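A short worksheet on the structure shown next.
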Amino acid sequence: MSELKDFQKLVIANASGVKGLSKGDTAPDFSLPNAFGKKILLSQALKSGIVIIKFYRGEWCPICNLDLRAIQQHLPQIRSLGASLIAISPQRPDDALTAIQKNELEYEVLSDADQEVIKAYNLQFDPGEDYHQRRDLSVLNGGGLKTLPVPATFIVNTNQIIEAAHVEANYTERMGPREIIEVIEKMVNKM
């Protein structure tokens, strides 16, 4: 187990320079395929209200799956506040479909196989050679890249401005549903 902990520390250290976008930044627009190949545009989703964007490593990541399921449990409350949710990984649309089915998700799961959106949000990093010897990201990622996104959550207002950002090199720490809902409630109360 201590070997795994050292391995985790190495991955976290390799991600530590990644800061992502911040509160107040304009969220880059994107058009990405969902699990069924349909293109989803951020700018279009924002016409209906606040959008939560969750970047995750892939459906193979147990912590990511726990996070995706946790937010799914709060989806009715999120929707009641006029917000929607989009999850993005570097995997293929087929893998997004696997994530939806495995976790019984009722929100958009998008594929950023070339990692252009991951790069635009300043989240891309190389987890290191030790990691590559343990897990072949070129097979897991849609575009064959050996990089990952630092898991992140962005809450974007209808003017495409990031109201809250959680970017954490320690992939075991995520912005939880309660915190997300609190931010959205404050945003709704300001409107």
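Values as computed for the structure displayed
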| quantity | calculated |
| --- | --- |
| Count of residues meeting criterion [part of a helix (DSSP H, G or I), in contact with a strand residue (DSSP E or B) (Cβ under 7 Å, 6 or more places away or on another chain) and either open to solvent by 70 Å² or more (accessible area, probe 1.4 Å) or not β-branched (Val, Ile, Thr) (or both)] in region 138-191 | 1 |
| Only one of GLY37, GLY49 that is more than 18 Å from the chain's Cα centre (by Cα) and more than 24 Å from VAL139 (Cβ to Cβ) | GLY49 |
| Single match in GLY49, GLY82, GLY58 (criterion: on the phi > 0 side of the Ramachandran plot, open to solvent by 20 Å² or more (accessible area, probe 1.4 Å) and out of contact with any Pro (no Cβ under 6 Å at 6 or more places or on another chain)) | GLY82 |
| Filter pass, LYS54 being assigned to a strand (DSSP E or B), at pLDDT 95 or above and either touching a helix residue (DSSP H, G or I) at 6+ places or on another chain (Cβ under 6 Å) or not β-branched (Val, Ile, Thr) (or both) | yes |
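Quick grid of which residues meet (1) modelled with pLDDT under 95; (2) basic (Lys, Arg); (3) more than 17 Å from THR98 (Cβ to Cβ):
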| residue | (1), (2), (3) |
| --- | --- |
| GLN44 | no, no, yes |
| LYS47 | no, yes, yes |
| GLY58 | yes, no, no |
| PRO62 | yes, no, no |
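This table checks each residue for (1) out of contact with any helix residue (DSSP H, G or I) (no Cβ under 8 Å at 6 or more places or on another chain); (2) part of a loop (DSSP other than H, G, I, E, B); (3) over 22 Å from LYS186 (Cα atoms); (4) of a type in the set (Val, Ile, Thr).
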| site | (1), (2), (3), (4) |
| --- | --- |
| GLN8 | yes, no, yes, no |
| VAL11 | no, no, yes, yes |
| ARG69 | no, no, yes, no |
| GLN77 | no, no, no, no |
| GLN91 | no, yes, yes, no |
| LEU97 | yes, no, yes, no |
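The values are calculated or read from the model by the stated rules, or taken from the named source; none is laboratory data. The model shown is predicted, which means the values in this text are computed figures rather than measured ones. Note that we place each Cβ from the backbone using ideal geometry, even for glycine, and neighbour counts take in every protein chain shown. Remember, those area values only see protein heavy atoms, side chains included, never the ligands or the DNA or RNA. Shrake-Rupley method; radii C 1.70, N 1.55, O 1.52, S 1.80 Å.
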